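The values are calculated or read from the model by the stated rules, or taken from the named source; none is laboratory data. These figures come from a predicted structure and were not determined experimentally. Because the Cβ atoms are built from the backbone with ideal geometry, glycine has one as well, and the counts that use them run over all protein chains shown.
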Amino acid sequence: MTDHNAGGSKSPDKPDYKKTLNLPKTSFPMKANLVQNEPASIKRWNKVDVYSKIRELCTTENRPKWTFHDGPPYANGSIHLGHLMNKCLKDFVVRSRTLMGYDCPFVPGWDCHGLPIEHKVMTGLVESGKSAKLETLPDDARRTAIRRECKKYAEKFQKLQAGQMERLLTQADYKNPYLTMAPAYEGATLEVLARLVEQGVVFRALKPVHWSIDNETALAEAELEYQDREDLSVFVDFEARDAASVYTAFGLTDDQPTQTPSFIIWTTTPWTLPANLAIAVHPRFEYALVRMDGNITVLATELVETVAKLGNAEEVEVLATTRGEALVGLGYKHPFIEAAPKPTDNPDADTSACYKVLPADYVTLEDGTGLVHTAPGHGADDYQTGLREGLPVYCPVLKDGKYDETVPEAIRGMSIWEANDIIAGWLRDSGHLFHSNRFMHSYPHDWRSKTPVIFRCTEQWFVGVDMPVASTGTALREMALDAIERNTSEGGLRFVPDWGRNRLRGMLDSRPDWCISRQRAWGLPIPAFILPDDSSMMTTASVLAVARYFRENGSDAWFQNEPAELLTHYDPKNDPDAPEAVRTGAVALTDLRKGQDILDVWFESGSSWNAVIRERFGDDAVPVELYLEGSDQHRGWFQLSLLPGLGVLGEPPFKTLLTHGFMVGKDGKKLSKSAGHTIESLFEHHGADVLRWWVCSLSYENDVKVDEEFFKIAGEGYRKVRNTLRFMLSNLNDFEPSCGDKKGHCVEESDFSPTCLDAWVLAEFDALADRVLAAYESFQFKKAHAELYNFCNDTLSSVYLAAVKDRLYCDRADSFRRRRTQTALWKLTNGLCRLLSPILCHTADEAYRSLHKVDPKDTETCIHLQTAIRSFRAAADPAWQAVLTKRDEVMLELEKSKSALGIENVLDAGISIGDDEGVFAKFDLVDLADLFGVSRVELQTGNRIEIQDLRHEPRCERSWKRDGTVKERARGGCLSDRDAEAVDAG
RNA sequence: GGGCCUGUAGCUCAGCUGGCUAGAGCGCACCCCUGAUAAGGGUGAGGUCACAGGUUCGAGUCCUGUCAGGCCCA
């Protein structure tokens, strides 16, 4: 028997057929080497300034605008995994919209002001010993010096992060980013403030803050250090105003005891007792009326035993119990103050709600008595409760920690710390002290002076959310809720995912007025001026004047110049809102003092729609199409952009809010800060394209699990796609496309008959482009990712490319059939690179340039200047669907034939297909054979699939097929007709 | 403690308004190819849909509760 299976024959007269094949060849490497090649791409893109070039293209082609706006990350530290996802998602939006033919500019921004930077800088100054010198400077000079350091710090990290974001291959206007500390930005922020002032929603009120007596300054949470401290802890009896109503509340209607019961509270800050205005109970807890050694008191049932033991009570008898809500409204007498005091600055305060029991859900049963001493001027909870219940904000403590004139005479002017013991003494002497002891607890201290901090009321600036906005008569909260509730079609907001709506609504429902002032150095000064009588002046015109001044000089000017200078652009005579004394000139501008507060940084970032979008793209660019941030920004940037936007524009500054979740560990738990992954190591180990491929695959709306393993998996997927591109490129090595005048190898569109394989695959591409672009359009990047991946794997690698391999390798190089397939390959690669370009922006460009056989020195050819190809307009026969279904069946039959017939190599098989319905007759049987991977196909009656064992037939030494035409050729070799023709073997 | 969200094969996820034997990719197992080769192809095994109740002719899908996790508040 002849050795039909001889591969490369050693016989001298037989040619080495491998050399006669058109085997794939390409310079597009299998190994991506992203670590080196991505930075090279960035360099190339920057050289031609791709970002600006796209803008030019958009202008000349008049592409429709689609405005997207970057929420500013904080300019502190390196970017981390959270930024990685955030920035990639944003870039997918920018690049996919550009691909779709929109003009989608993107200005990256940074939040530069604020406490974290100031705190870091101050810590550095303390450590280097420079802060001592600063303390000796006048306030303005000291703040200027601090601000100089902060600015340097912010600049340093902004640059670092921008570099890392560029390394992530994101496309943005990195040459002109927005920085909240830039003078123009500062001016634009103040312009928003001015409009809110104009709308009448900016006001000044008292609010308790952490206060350092030592430094006479307000402190933020981050500036507190918790240290153990021993305090005097007291249990105080507050006598009921009306005994009978208390007994009634406990259900004791007749036979009431004759004694007056008391409410027992516990506190570790006896110095706040003069400011007590109420007692809080939890409405759902159970409270007991207890006789302890003869006295009758009220306290939480659960704490009776503990409290009795503390006070060494011998006889304890619970007389009755009731729920906290029954106690609400009962009055009591303050142990040492007759009538509720009125704050010095508000002598007309309504005190009718004072000295009563109130409900509050923050009451716990962990310490104390279940009844909470409430002083609205000295506690955050107390303050909120006070606002709700109509209590005055009473704070009798001055900035130096001493009492003012409104407290009982004996302690006026006294330090609160000294007063502790005196007050306890009064209570003991008057029989109101149930128990007292020294108590060790963790207490907040000023991080710098290490002295204990107190809660004290100070005047702050607010944006009122329930005050009517002048232009609409509706309050901001109501406007915001309305925008959330309204349908998208009626100008309402769109949420992706939809539950963002509920979340934002919940937060708006419960939010208090927005406190926009801070007592720090590193921020945008609130341009308020103080009159000699200590009242404040901040009018629309005065704010606009300072805004203009800041645009010209930057906000450092606030600390360097005098009020009259800062108000250069202000004419009080023409400001109807100015205080009368200022308007008439009775108080000159030179008599004013500067306010000391700076703006909440959220006000700055919340004004970015004005400071960035309107400023650069005009009024029509707002509302912006999309804001995209983590779900924490429902409370942050989303809400705090929405409120000023509504106040100034009367409508939200954005149309759609897209949120993503947070990075969590492999176990689904919060990512520890020391988790490792520095962004540099990720770039080095995986490359940006792999990281981007990973981000694209995520269900970003929920928590995202991160682990090294997942990056590796993404790398595998990336390689699949890369190899598919590489294989197509490698079969285009000898192919020159026809473009313009240049006549290349392209086959005319009209030559793609609907039943040819190439028409089928081009039609498949059209369908893919449809789905991918639709997925991009609706921000379903994960879906786009799956579509692209499956197309590469299934449609191309497994089906089409496997099928056309034979003709690409074995057909005569310039045969029509081969050139038509190459034409299809060229189009596919061209189209696929574009669809991939928003995700794999380096690799897509690399492949695109390889497709165009571009010289490495060429910088002009760049896929990111191209738009998507939506269709190749190839008409595929509808019967292809039946063919593909048949293919699946054939695969199963072939698998069975392995064991049944012993056919292991599918080229040893032929297929006979029953075609009673005449579906397959119109197809080329060679196409079908290639598609099924077998040597030949024939049609027969019936509808069964039969596997034929062809192992007894000769095998073509060149194509390895047994197609029935194989025979010994005149010039030697056992070849099929096609192969004989290809090598001209006669 | 409150608001919003999540919990489906070993892993990552699809499963729309409740309705055929719960799908995909990865991984795994077995096989083919060695002319995409640190590649390519085929086949297969994996699930009491977090748990417990309830509504319904019928629930992964609706309701209630429990547990676990995340974000934001307190």
Could you tell me which residue of region A:943-961 is nearest to A:Thr885 (Cα to Cα), considering only residues that are charged (D, E, K, R) and within 60 Å of the chain's Cα centre (by Cα)? A:Arg944
Cβ-Cβ distance below 6 Å, separation of 6 or more or different chains: which pairs start in region A:700-712 with a residue that is in contact (Cβ under 8 Å) with a residue 60 or more places away in the chain and end on one that is near RNA strand B (Cβ under 9 Å from one of its atoms)? A:Glu701/A:Pro497; A:Val704/A:Gly661; A:Val704/A:Met663; A:Val704/A:Leu698; A:Val706/A:Met663
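Which of the residues that make up region A:308-327 are of a type in the set (A, V, I, L, M, F, W, C), surrounded by 18 or more Cβ atoms within 10 Å (Cβ to Cβ) and either in contact with a Lys or Arg (Cβ under 7 Å, 6 or more places away or on another chain) or under 30 Å from A:Glu389 (Cβ atoms) (or both)?
Residues of region A:308-327 that are of a type in the set (A, V, I, L, M, F, W, C), as a first pass: A:308, A:310, A:313, A:316, A:318-320, A:326-327.
Within this subset, residues satisfying the condition of being surrounded by 18 or more Cβ atoms within 10 Å (Cβ to Cβ) are A:308, A:313, A:326-327.
Answer for region A:308-327, where residues must be of a type in the set (A, V, I, L, M, F, W, C), surrounded by 18 or more Cβ atoms within 10 Å (Cβ to Cβ) and either in contact with a Lys or Arg (Cβ under 7 Å, 6 or more places away or on another chain) or under 30 Å from A:Glu389 (Cβ atoms) (or both): A:Ala326, A:Leu327.
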Evaluate the following for A:Ser753: is it more than 9 Å from RNA strand B (Cβ to nearest atom), among the hydroxyl-bearing types (Ser, Thr, Tyr), touching a His at 6+ places or on another chain (Cβ under 9 Å) and more than 20 Å from A:Ala688 (Cα to Cα)? no
I'm trying to understand the selection: among the residues of region A:201-238, which are in a strand (DSSP E or B), at pLDDT 85 or above and over 22 Å from A:Thr268 (Cβ atoms)? A:Val202, A:Phe203, A:Arg204, A:Ala205, A:Leu206, A:Lys207
Might you let me know whether region A:29-38 holds any residue that is surrounded by 19 or more Cβ atoms within 10 Å (Cβ to Cβ) and either touching a strand residue (DSSP E or B) at 6+ places or on another chain (Cβ under 8 Å) or within 16 Å of A:Cys862 (Cβ to Cβ) (or both)? yes
Any idea which of (1) closer than 30 Å to A:Thr584 by Cβ; (2) in contact (Cβ under 8 Å) with a residue 60 or more places away in the chain is the one A:Glu565 doesn't satisfy? (2)
Of the residues in region A:967-981, those that are buried (at least 18 other Cβ atoms within 10 Å of the Cβ) and part of a strand (DSSP E or B) number 2
Restricting to region A:622-668, and then to whatever is over 22 Å from A:Gly464 (Cα atoms) and in a loop (DSSP other than H, G, I, E, B), can you tell me which residue is farthest from RNA strand B (Cβ to nearest atom)? A:Val622
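Take the residues of region A:496-510 that are of a type in the set (A, V, I, L, M, F, W, C) and over 12 Å from A:Gln639 (Cα atoms): which is farthest from RNA strand B (Cβ to nearest atom)?
Our first condition is that a residue be of a type in the set (A, V, I, L, M, F, W, C); within region A:496-510, this holds for A:496, A:499, A:504, A:507-508.
Cutting the leftovers down to over 12 Å from A:Gln639 (Cα atoms) gives us A:496, A:499.
Working: A:Val496: 13, A:Trp499: 3 Å.
Within region A:496-510, the match that is farthest from RNA strand B (Cβ to nearest atom) is A:Val496.
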Tally of residues being more than 12 Å from A:Pro525 (Cα to Cα) and not polar (S, T, N, Q) across region A:541-563: 9
Of the candidates A:Asp845, A:Asp927, A:Asp888, the one satisfying the condition of being touching a residue at least 40 places away in the same chain (Cβ under 8 Å), under 30 Å from A:Cys810 (Cβ atoms) and either in contact with a strand residue (DSSP E or B) (Cβ under 6 Å, 6 or more places away or on another chain) or outside any loop (DSSP other than H, G, I, E, B) (or both) is A:Asp927
So how many residues does region A:862-898 have that are within 16 Å of RNA strand B (Cβ to nearest atom), of a type in the set (A, V, I, L, M, F, W, C) and under 23 Å from A:Met728 (Cα atoms)? 1
Of all residues making up region A:738-763, the number that are of a type outside the set (Asp, Glu), at pLDDT below 95 and not in a loop (DSSP other than H, G, I, E, B): 3
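Of the residues that make up region A:103-117, is at least one without any contact (Cβ under 8 Å) to a residue 24 or more places away in the chain, over 20 Å from the mean Cα position of the chain (by Cα) and over 30 Å from A:Ser41 (Cα atoms)?
Looking only at region A:103-117, we keep the residues that are without any contact (Cβ under 8 Å) to a residue 24 or more places away in the chain, and these are none.
No: region A:103-117 contains no residue that is without any contact (Cβ under 8 Å) to a residue 24 or more places away in the chain, over 20 Å from the mean Cα position of the chain (by Cα) and over 30 Å from A:Ser41 (Cα atoms).
Within region A:692-714, how many residues are within 24 Å of A:Val93 (Cβ to Cβ), part of a helix (DSSP H, G or I) and more than 9 Å from RNA strand B (Cβ to nearest atom)?
Going residue by residue through region A:692-714, those that are within 24 Å of A:Val93 (Cβ to Cβ) are A:692-706, A:710-711, A:714.
Next cut, part of a helix (DSSP H, G or I) only: A:692-696, A:710-711, A:714.
Next, from what is left, pick out any that are more than 9 Å from RNA strand B (Cβ to nearest atom): A:692-696, A:711, A:714.
Number of matching residues: 7.
Report yes if some residue within region A:854-867 is charged (D, E, K, R) and in a helix (DSSP H, G or I); otherwise report no.
So the first thing to find is which residues in region A:854-867 are charged (D, E, K, R), and the list is A:855, A:857-858, A:860.
After this cut, where a residue has to be in a helix (DSSP H, G or I) as well, the list is none.
No, region A:854-867 contains no residue that is charged (D, E, K, R) and in a helix (DSSP H, G or I).
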Any hit, region A:332-347, residues being within 26 Å of A:Gly377 (Cβ to Cβ), within 16 Å of RNA strand B (Cβ to nearest atom) and touching a residue at least 40 places away in the same chain (Cβ under 8 Å): no
Hey, any hits in region A:508-526 for a residue that's at pLDDT 95 or above, of a type outside the set (Lys, Arg) and either assigned to a helix (DSSP H, G or I) or loosely packed, with under 14 Cβ neighbours inside 10 Å (or both)? no
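Based on what the data block shows, is A:Pro532 surrounded by fewer than 22 Cβ atoms within 10 Å (Cβ to Cβ) and within 16 Å of RNA strand B (Cβ to nearest atom)? Walk me through it before giving the result.
On the way: surrounded by fewer than 22 Cβ atoms within 10 Å (Cβ to Cβ): yes; within 16 Å of RNA strand B (Cβ to nearest atom): no.
For A:Pro532, the condition - surrounded by fewer than 22 Cβ atoms within 10 Å (Cβ to Cβ) and within 16 Å of RNA strand B (Cβ to nearest atom) - is not met.
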Region A:418-440: number of residues that are part of a helix (DSSP H, G or I), out of contact with any Phe, Trp or Tyr (no Cβ under 6 Å at 6 or more places or on another chain) and surrounded by 15 or more Cβ atoms within 10 Å (Cβ to Cβ): 4
Count, please, the residues in region A:338-392 that happen to be touching a helix residue (DSSP H, G or I) at 6+ places or on another chain (Cβ under 6 Å), crowded, with 24+ Cβ neighbours inside 10 Å and part of a loop (DSSP other than H, G, I, E, B). 6
State which residue is surrounded by the fewest Cβ atoms within 10 Å (Cβ to Cβ) when the search covers only region A:805-861 and only residues that are away from RNA strand B (no atom under 15 Å from the Cβ) and aromatic (Phe, Trp, Tyr). A:Phe816
Given (1) within 30 Å of A:Val209 (Cβ to Cβ); (2) touching a strand residue (DSSP E or B) at 6+ places or on another chain (Cβ under 6 Å); (3) within 16 Å of RNA strand B (Cβ to nearest atom); (4) without any contact (Cβ under 8 Å) to a residue 60 or more places away in the chain, index of the condition A:Phe462 fails: (4)
Considering only residues that are in contact with a Ser or Thr (Cβ under 7 Å, 6 or more places away or on another chain) and farther than 22 Å from A:Glu615 by Cα, look in region A:40-67 and name the one that is surrounded by the fewest Cβ atoms within 10 Å (Cβ to Cβ). A:Lys47
Checked pairs for region A:901-917, first farther than 20 Å from A:Thr885 by Cα, second within 15 Å of RNA strand B (Cβ to nearest atom) and small (Gly, Ala, Ser), C-beta under 6 Å and 6 or more apart or across chains, list as A:Ile903/A:Ser897; A:Ile903/A:Ala909; A:Leu907/A:Ser935
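Any idea which of A:Glu478, A:Glu485 is under 25 Å from A:Arg635 (Cα atoms) and within 16 Å of RNA strand B (Cβ to nearest atom)? Please lay out each step first, then the result.
Values: A:Glu478 fails: within 16 Å of RNA strand B (Cβ to nearest atom).
That would be A:Glu485, the only listed residue that is under 25 Å from A:Arg635 (Cα atoms) and within 16 Å of RNA strand B (Cβ to nearest atom).
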